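Please treat every number below as a calculation from the coordinates, not as lab data. Nothing here was measured: the structure is a model prediction, and the numbers come from that model. Cβ atoms come from the backbone with ideal geometry, glycine included; neighbour counts cover every protein chain shown.
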Amino acid sequence: MRRIISYSLLTLILLTNIGCRDPFEIESIDFQDALVIEATITNELKKHIVKLSRTYELNLGDPIFVDDATVFVEDSAGNITNFVSTGEGIYESEVEFSAIPDTDYQLLITTSQGERYESNAIQMTPVSELTNLYAELTTNASDEEGIQIYVDSDNQNGDANYFRYEYEETYQIIAPNWYPYKPIFTNYEVLINT
């Protein structure tokens, strides 16, 4: 009996210690107001996008978009591509363009407060053509089945060292006991309360 009481007491102490939690209040420390720039210029012929926002304190919640800046890309040949604000911090190039090899590109931004930002002049990384895209059913180390997507590319010179893939995923869910027919009710009366 004494052993059961000591186990019960030990269990009660453990549950009390595990069950109690103190709330954690998030606080910003040493907040710095800075411009956040998101941009990728590629060899795809399209209207490219630059996103501008400002950092914000954790407890304030909503992002602060920058819509009143001057944004443009300049290449080493002196060509300038202007970007216009479409709202919520998104700037879209006025014309479609694509980055070409052996050309330097530089992003330049001036805010309405007169802050000027410019990236380093950078060349587009070498392009590696995709030769095959396929998926296979695989099993991971935890014995869970899944789909693994493979990409084969042509990188004969070995110049392309970094790869970035973007994809949109769609899928269909089929219930395991799905029945393709609709029910037909017979011998029933429709009761309407008036």
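Quick notes on this one:
- Averaged over residues, the count of other Cβ atoms within 10 Å places the peptides 33-41, 114-122 in the sequence 33-41, 114-122, highest first.
- Burial order of peptide ranges 138-146, 74-82 (average beta-carbon count within 10 Å, highest first): 74-82, 138-146
- ³J(HN,Hα) computed for each position of region 73-90 - Karplus, 6.51 cos²θ - 1.76 cosθ + 1.60, integer Hz, glycine/proline x: 10, 10, 9, 5, 8, x, 6, 10, 10, 7, 10, 10, 6, 10, x, 6, x, 9
- Cβ crowding within 10 Å averaged over residues, with 169-181, 84-96 ranked highest first: 84-96, 169-181
- In order along region 95-106, the Karplus-derived 3J(HN,Hα) couplings, from 6.51 cos²θ - 1.76 cosθ + 1.60 at θ = phi - 60°, round to 10, 6, 8, 9, 6, 10, x, 6, 10, 7, 10, 9 Hz, and Gly and Pro are given as x.
- For T103, the residues whose modelled amide H falls within less than 5 Å of its own, excluding neighbours fewer than 5 places apart on the same chain, are M124.
- Built amide H within the under 5 Å cut-off of S153, gap 5+: T131
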